[in-house]
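Trainee: Shown below is the structure under consideration.
The values are calculated or read from the model by the stated rules, or taken from the named source; none is laboratory data. No experiment lies behind these values; they were computed from the predicted model shown. Here the Cβ is made from the backbone with ideal geometry for all residues, glycine too, and neighbour counts use every protein chain on show. Accessible surface is based on the protein model in full, side chains and every heavy atom, while ligands, DNA and RNA are left aside. Shrake-Rupley method; radii C 1.70, N 1.55, O 1.52, S 1.80 Å.
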Protein chains: 4
Amino acid sequence: MQRRHSATWNLYYKRRRVNLLSYIFPSGRKFDFTAIGRLCIDLNANEINRPMEETMTFTKYVGGSPANIAIGMSRLGHKTAFIGKIADDQMGRFIQGYLEKEDIDTSNVVTDKTGAVTGLAFTEIKSPSECSILMYRDNVADLKLGPLEVNEELIANSKALLVSGTALAASPSREAVLLSLDYARKHGTTVILDIDYRPYTWNSAEETAVYYNLAAEKSDIIIGTREEFDSMERFENNHDHSDSFTASKWFNYSAKLVIIKHGKEGSIAYTAEGLEQRAKSYPAKVIKTFGAGDSYAAGFIHGLMSGLTIEKSMEFGSAAACIVISSHSCSDAMPTVAQVEDYIERCNRGEIIAG
Amino acid sequence: MQRRHSATWNLYYKRRRVNLLSYIFPSGRKFDFTAIGRLCIDLNANEINRPMEETMTFTKYVGGSPANIAIGMSRLGHKTAFIGKIADDQMGRFIQGYLEKEDIDTSNVVTDKTGAVTGLAFTEIKSPSECSILMYRDNVADLKLGPLEVNEELIANSKALLVSGTALAASPSREAVLLSLDYARKHGTTVILDIDYRPYTWNSAEETAVYYNLAAEKSDIIIGTREEFDSMERFENNHDHSDSFTASKWFNYSAKLVIIKHGKEGSIAYTAEGLEQRAKSYPAKVIKTFGAGDSYAAGFIHGLMSGLTIEKSMEFGSAAACIVISSHSCSDAMPTVAQVEDYIERCNRGEIIAG
Amino acid sequence: MQRRHSATWNLYYKRRRVNLLSYIFPSGRKFDFTAIGRLCIDLNANEINRPMEETMTFTKYVGGSPANIAIGMSRLGHKTAFIGKIADDQMGRFIQGYLEKEDIDTSNVVTDKTGAVTGLAFTEIKSPSECSILMYRDNVADLKLGPLEVNEELIANSKALLVSGTALAASPSREAVLLSLDYARKHGTTVILDIDYRPYTWNSAEETAVYYNLAAEKSDIIIGTREEFDSMERFENNHDHSDSFTASKWFNYSAKLVIIKHGKEGSIAYTAEGLEQRAKSYPAKVIKTFGAGDSYAAGFIHGLMSGLTIEKSMEFGSAAACIVISSHSCSDAMPTVAQVEDYIERCNRGEIIAG
Amino acid sequence: MQRRHSATWNLYYKRRRVNLLSYIFPSGRKFDFTAIGRLCIDLNANEINRPMEETMTFTKYVGGSPANIAIGMSRLGHKTAFIGKIADDQMGRFIQGYLEKEDIDTSNVVTDKTGAVTGLAFTEIKSPSECSILMYRDNVADLKLGPLEVNEELIANSKALLVSGTALAASPSREAVLLSLDYARKHGTTVILDIDYRPYTWNSAEETAVYYNLAAEKSDIIIGTREEFDSMERFENNHDHSDSFTASKWFNYSAKLVIIKHGKEGSIAYTAEGLEQRAKSYPAKVIKTFGAGDSYAAGFIHGLMSGLTIEKSMEFGSAAACIVISSHSCSDAMPTVAQVEDYIERCNRGEIIAG
């Protein structure tokens, strides 16, 4: 993990209070970060601020929440690997090539041989605040990852395993992820669950709740929106949508940190020690909202792994998100540490104003 | 729970050492025992000791491992309920009627409305030791039980919840069972997992292992054959098929008692306190092997619930099993306490000899 | 085809007017009659005149409309073969053995290797007029017969091919039957379509109409109830359910003879030459209604093949039907020529009265 | 149908021998041409002459063989309608809008409400002769067109119905097409079958052969490649791949004209009267091969409908094909009459040379 920090941040890193030992990731592992789940293609509208019917050309990017986070983590200087499945076609090969170019280990990216296709996401940007996605998720390769295709040794050699909830949506990917959680717990690898709930592919809201709960029970860090946590509490009595009810529940299992996102009102981090932390956010000239969560996750995890406080990690994630939503793509726009620090400093100097 | 015991057993009950408080079930519950899972029809060959091709008539019985155990428990004097789904046809109505006749609460036995059928098991008895089953398990009602159809209150009102592993074989029954486990843990209901592994319906051996492990993690008592535990250890390193490895694994989760059956060599009970218990078995004039496991389970659970030692509970289960394998049916042959005690006494007097 | 007839019938056979050359079947073929389609098991209630819930034992018979007709034709003295698929289990082997015992050629009865099951029909006889069937048709072997498994040579060597419409209900059996029709037309084999419509297995009423029409277009003789023809006319304007509209339609294709059954009001035969023929029916002491259509079909086809007039063929079919509905089984009760002639004579002598 | 022709072609139209009355389409119909089947999206590589992995942007066009032919026919001046099903999304609405802009009647283009998607075809152009397509055909709206969604009146009001064989690949589109053929025959609408065989979606080669044969039996004009006809003759003995065997077969059913394409060696038209016609082809500066068959079909049908001889119709189709393969898109490049005539004249003047 080689990174150079600006003077301001170096100062900060020195002064930080290493307050929460429990968040420390295991040391002496070959990989800092391994993600499991979706590898897809984004087809982003080139002509934007109009309905997709009027968009005539699209640009191809690697997509999928865990793919974006992995690319983000690699750019932020972490030794990163991926566990996933790609289609045996041009789209699949493009994804593999892109990950390798980004210095992500793909030894556990397997190629489907059943004729599955690569998931697609056509993005529609009617306006910065009216964005939608047209998904192709039938017969996709990423959901065909099976338990036997998950490399236990890779998980044992990683400090953290990021699980994207969408990978729980169908078998055999569901079982592959559930098994990966067991491998992670067995080897002391820190599990980060990014809920990433998307209704397609799931059969019912009840099924969704059951599997998200099973995964969350085995996770150390859980990140999701209030609505995502609500969908997991279908069989509970949290009718007030209380964040502290939610956080407490998971602290009774394995969780040490629960991040609940409240959209524009910001995110709140809850810790097993009882802390409740908010952090300031930064302004951005928004082009679209896609990718905000993924860049936030990468930035936040980077912060934790770099020894920042939770507050500073949240701010770092927030700034990383701003960079992505100010640009056309998600994966391609994932920033480096220098870019995030630069963005924060420009915000601090008042050079960036929301719009 | 009103039972009269023979003099010998009354003596035993008084002398027993109530040694293992941890096995005690919660008290003050409306139901002693609730089972969740399969409700089927057995069609037993009337002309036996020949291949099924030559059997011309069949007799209809209620079947399915958890159904048999529930019937057994009710006959042994326990207040019993069932959580399951039946087809909207004559077979389904027969099952419901039979359970009610056996004094089993069926308020949580729901009727399928999608056109599912009742699972069937045609039994073939070529000889007492050559028995096989021809199963009809496509589109069966029992596997269509959904999470919303599991009554949390019933589980909260039960001392024990018996889960039959076959109910994990397909969605939405799989999710219904996983949710029932959460309800049981939430309310302190003792969970008994009867592995009851049957390869049909399952998609792969890996899928089987993943879900059996998830269920076993939340179970207090786990009962299975050595081969069944082996199938759960597909992702572990228990190449010697060590019972103590198996038992230890589950004691790290919720289990307090693990019963591993070794066929003719008898069963071994392992406790979280480190005890390892074998018990003597009884002779029987075997007609067929079907139902042995179910009557053993009913007898053993009855023993634990009645405060017998593990050893005596195993013996009681063993005698109950002998009675069932000496008769033509499974469910219909489930014995009462008096019948089991009588059987044991006759064995002790040397009146029953294996054959 | 060796049969001995009673004196009365011999006289009749001599005097008959061989009026309709077009019905003559091709000569010089190895087989008189080949059927394609369903091979199942009937499980007939032993205790009858009650709901099935109260029936405790069932007797096993070979079942399925084309199987019954083939057994009937063989008993009536015709050299018969079957094209079908059986499960690789005890039920499948029982079916094959039974057909062979009945002297039916099974060289084109293939065994499924995909784990399909044998279709089942549990019969419920609440009263002679209140009969119903509980069907098991999921994943059945008979619907897995594929086009490559249809022996062209066998069809070329048969005078007649009987197609049971139920075999059109799902792929690949649907395509196997459609191909068998082409083989039959190519080789001048007379095609008899027994509509035999049963709603299960079909996806929609429209799908049903499309495929029944495609099969009927290539059939020489079409037999069905008024309701069955109605279901085929979903895309036409026969709002009055006119029989002559129906018959005319098919005479524009390949049909030479159309039999429309009107339940208790009897059947009407329409010929391409414009004849319209009714025939008298016989009384019977009815036990159940199952199998009436199949024995009628066998008797009627036997009549045509033996050179009887249409009227006499219909009477022969009618008497054959009476015999079957007066007994417990369908396949097992299919009569011989002597039995039918005897039945007719006893009716004529007033010895049999409906009841 | 209003078209202006160049002087040369006007002369030709006058001199032509109206030799084959049987090809004349019915008159007095509201629509000249109605197509049934696939409505998709082509995503054409903008950066070409490279593998798709290296293509970064794609341009969106309406695609699908019958859509292309319908667009071609409308541009050639024929009153055109479409029978099909589109997804309820931006892609579906784009298709509907494009057809309407091209003056094609979409009153029988229905919108799916089950969550189906729009079929996609990503094109890869490695070189003018190395082209391939990456298809998305899972859960596509076009194959969900059902029999009840086919408007009989529209077919009755059309001179010709073009059926694209791909629409036979799955239910319920398969049944919708089979029913449309019956409507066409009932109303004397000329049926043109464009075989358009594409292996995806079909379950087996046998299934393919069965349904293509059923459709071809009811078609007046059949157009396909030699390989496509071979795939239909799986159950016949045309081991020499004889064109005259193929053509004769269909003349025994309804066909009056059979076009068999032999790639670079040109196409041969066979008529029921026994004529065998080849036609000269034109040079082109090829960009890609996609769309050649569709523009050929549109040009050829236009020729027949305009009263050209078969030979001249084939030449017209050939020139129309050259125009499409010289440009980037398929649907968008479909030419007008003036463009085709201009192309032919430029070829005749030696201004266009293959390359």
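Trainee: Taking the Cα centroid of region A:236-287 and of region B:306-355, what is the distance between the two, rounded to the nearest whole Å?
Mentor: One Cα centre to the other: 57 Å.
Trainee: If you don't mind, there's one more thing I want to ask. Between A:Q277 and D:E236, what is the label-point separation in nm under the 7 Å Cα-to-beta-carbon projection?
Mentor: 7.7 nm
Trainee: Here's another thing I want to ask about it. What number, rounded to the nearest 500 deg cm²/dmol, is the helix-based mean residue ellipticity at 222 nm of chain D, given -39500 (n - 2.57) per DSSP H run of at least four residues and division by all its residues?
Mentor: Working: 11 runs with 123 residues, N = 355.
Here the helix-only value at 222 nm equals -10500 deg cm²/dmol.
Trainee: Next up: In nm, give the distance between the simple-model label positions of A:K30 and D:I353, each being 7 Å from the Cα along the Cα-to-Cβ direction.
Mentor: Distance between the two pseudo-spin positions: 6.0 nm.
Trainee: Let me ask something additional. State, in square angstrom and to the nearest 100, the accessible area buried between chains C and D, both chains counted, probe radius 1.4 Å.
Mentor: Working: alone 14930 and 14940 Å², together 28190 Å².
Interface area, both chains combined: 1700 Å², rounded to the nearest 100.
Trainee: Let me know the charge dipole size of chain A about its Cα centre in debye, to the nearest 20, where only the beta-carbon of Lys, Arg (+1) and Asp, Glu (-1) is charged.
Mentor: 1200 debye
Trainee: Would you kindly calculate the mean projected area, averaged across all directions, of the convex hull enclosing the Cα atoms of region B:17-126, in square nanometres? Could the numbers behind the result be given before it?
Mentor: On the way: hull surface 39.1 nm².
Projected area, direction-averaged: 9.8 nm².
Trainee: Mind listing which trypsin sites (Lys or Arg not before Pro) in region D:89-147 are in a DSSP loop and have 15 or fewer other Cβ atoms within 10 Å?
Mentor: On the way: sites: D:R93, D:K101, D:K113, D:K126, D:R137, D:K144; in loops: D:K113, D:R137.
When the trypsin sites (Lys or Arg not before Pro) of region D:89-147 are filtered for loop state and at most 15 Cβ neighbours within 10 Å, D:K113 remain.
Trainee: Also: For chain B, just the Cα atoms, rotate onto the principal axes and tell me the three extents in Å, largest first.
Mentor: Answer, in whole Å and largest first: 54, 46, 44 Å.
Trainee: Quick check for you: which residues of region D:102-138 have the amide N under 17 Å from the point 7 Å beyond the Cα of D:S327 toward its beta carbon?
Mentor: Flagged as within label range: D:102-104.
Trainee: Which pairs, out of A:K159/A:K249; D:K249/D:K280; C:K126/C:K312, put more than 29 Å between their alpha-carbon atoms? Could you put the intermediate results ahead of the total?
Mentor: Working: A:K159/A:K249 25 Å; D:K249/D:K280 26 Å; C:K126/C:K312 34 Å.
Cα-Cα > 29 Å for C:K126/C:K312; rest within.
Trainee: Take region C:290-355, drop everything but the C-alpha atoms, weight them equally and run the Debye formula without solvent; then report log10 I(q)/I(0) at 0.29 Å⁻¹ to two decimals.
Mentor: Treating every Cα as an identical point scatterer, log10 I(q)/I(0) equals -1.28.
Trainee: What residues in region C:227-248 lose 30 Å² or more of accessible surface when the other protein chains are added to their chain alone (1.4 Å probe)?
Mentor: Residues passing the criterion (a loss of at least 30 Å², heavy atoms only) are C:F235.
Trainee: Then there's this: Summarise the partner chain shielding of B:137-148 as one whole number: the mean count of Cβ atoms from other chains within 10 Å of each residue's Cβ.
Mentor: Values: counts 3, 8, 4, 1, 0, 0, 0, 0, 0, 4, 8, 5.
Mean inter-chain Cβ contacts per residue within 10 Å come to 3.
Trainee: How shielded is C:113-124 by partner chains, expressed as the average number of their Cβ atoms within 10 Å of its Cβ atoms? Write out the running numbers ahead of the final one.
Mentor: On the way: counts 0, 0, 2, 1, 6, 2, 0, 5, 0, 7, 0, 2.
Mean shielding count: 2.
Trainee: Sticking with this structure for a sec: Anyone know which of A:Y296, A:Y212, A:Y253 comes out most mobile in the 10 Å Cα GNM of chain A?
Mentor: Checking each option, the largest mean-square fluctuation is seen for A:Y253.
Trainee: Okay, next question. Please name the residues of region A:51-67 whose accessible area, counted over protein heavy atoms with a 1.4 angstrom probe, falls by no less than 30 Å² between the chain alone and the full protein assembly.
Mentor: Checking the loss per residue gives A:M52, A:E53, A:M56, A:T57, A:F58, A:K60.
Trainee: Another one. Taking chain A as a Gaussian network, Cα atoms linked when under 10 Å apart, which of A:S171, A:S180, A:S74 shows the biggest mean-square fluctuation?
Mentor: Result: A:S171 has the largest fluctuation of those listed.
Trainee: Oh, and also: Quick one: label points 7 angstrom along Cα→Cβ at B:P283, distances to the other copies in nm, smallest first?
Mentor: Result for B:P283, in nm, nearest copy first: 6.5, 9.5, 10.3.
Trainee: Quote the FRET efficiency, to the nearest 0.05, computed for A:D88 versus C:L148 with a Förster distance R0 of 25 Å and r equal to the Cβ-Cβ distance. Could the numbers behind the result be given before it?
Mentor: Details: r = 28 Å, r/R0 = 1.13.
Calculated value: 0.35.
Trainee: Where in region C:156-186 does accessible area fall by at least 50 Å² between the isolated chain and the complete protein assembly, at a 1.4 Å probe radius?
Mentor: SASA drop of 50 Å² or more in region C:156-186: C:E175.
Trainee: How much of the pair distance distribution for region A:187-292 lies past 18 Å, counting alpha-carbon pairs only, in percent?
Mentor: Summing the P(r) of region A:187-292 above 18 Å gives 50 percent of all pairs.
Trainee: What does the accessible area per residue of region D:134-288 come to in Å², with a 1.4 Å probe and no ligands, DNA or RNA counted?
Mentor: Per-residue value: 36 Å².
Trainee: Please name which of B:S231, B:A176, B:I192 has its Cα lying farthest along the dipole of region B:102-232 towards the positive end, using unit charges on Cβ (Lys, Arg +1; Asp, Glu -1) and the Cα centre as origin.
Mentor: B:A176
Trainee: Restricting to Cα atoms and excluding each atom paired with itself, what does the Kirkwood estimate give for region B:153-219 in Å? It would help to have the intermediate numbers written out before the result.
Mentor: Working: mean 1/r = 0.0835 Å⁻¹.
For region B:153-219, the Kirkwood estimate is 12.0 Å.
Trainee: Wrap a convex hull around the Cα atoms of the protein assembly as shown, take a quarter of its surface area, and give that in square nanometres. List each step's numbers first, then the result.
Mentor: Numbers: hull surface 244.2 nm².
If I average the Cα hull's projected area over directions, I get 61.1 nm².
Trainee: Further question: Semi-axes, largest first, in whole Å: what does sqrt of 5 times each Cα gyration tensor eigenvalue give for region A:26-69? All intermediate terms of the calculation are to be shown ahead of the outcome.
Mentor: Details: eigenvalues 246, 14, 12 Å².
Working through the eigenvalues yields semi-axes of 35, 8, 8 Å.
Trainee: How far, in nm to one decimal, is B:K264 from itself in the other copies if the label point is set 7 angstrom along Cα toward Cβ? Shortest first, please.
Mentor: In ascending order, 6.4, 7.5, 7.7 nm.
Trainee: Take the solvent-accessible surface of the protein heavy atoms, probe 1.4 Å, and return the percent of it on the protein assembly as shown that carbon and sulfur atoms account for. Before the final figure, lay out the partial values.
Mentor: Working: 25040 of 51640 Å².
Ligands and nucleic acids excluded, carbon and sulfur reach 48 percent.
Trainee: Under a point-charge model restricted to the Cβ atoms of Lys and Arg (+1) and Asp and Glu (-1), what is the dipole moment magnitude of the protein assembly as shown relative to its Cα centre, in debye to the nearest 20? Mind dumping the intermediate values first?
Mentor: On the way: 156 positive and 180 negative charges, 3 e Å.
Taking the Cα centre of the protein assembly as shown as origin, the dipole is about 20 debye.
Trainee: With a bin width of 10 angstrom, please list the P(r) values of region C:257-326 as percents of all Cα-Cα pairs, from the 0 bin to the one holding the largest distance.
Mentor: The percentages, shortest bin first, are 23, 55, 20, 2.
Trainee: Rounded to whole Å and sorted largest first, list the principal axis extents of the Cα atoms in region C:236-355.
Mentor: So the extents along the principal axes, rounded to whole Å, are 43, 31, 26.
Trainee: Just tell me which aspartates and glutamates come within less than 15 Å, Cα to Cα, of B:K288; anything on the same chain fewer than 8 places away is out.
Mentor: B:D42, B:E47, B:E124, B:E130, B:D332
Trainee: Let me check against my output: what whole-number percent is the relative contact order of chain A, with C-alpha pairs under 8 Å and at least 6 apart?
Mentor: Numbers: 792 pairs, mean separation 63.2, N = 355.
Answer for chain A is 18 percent.
Trainee: Let me check the size of region C:73-199 from its C-alpha atoms; what are the radius of gyration and Dmax in Å?
Mentor: Spelled out, the Cα radius of gyration and Dmax of region C:73-199 are 15.3, 47 Å.
Trainee: Since chains B and D are linked by a rotation, which residue in B has the beta carbon closest to its axis, and how far is it in Å?
Mentor: B:T114, 9
Trainee: Can you list the distances in nanometres, one decimal and ascending, from the A:I353 label point to the identical position in each other copy, with the point 7 Å along Cα to Cβ?
Mentor: Inter-copy label distances (nm, one decimal, shortest first): 6.3, 10.5, 10.9.
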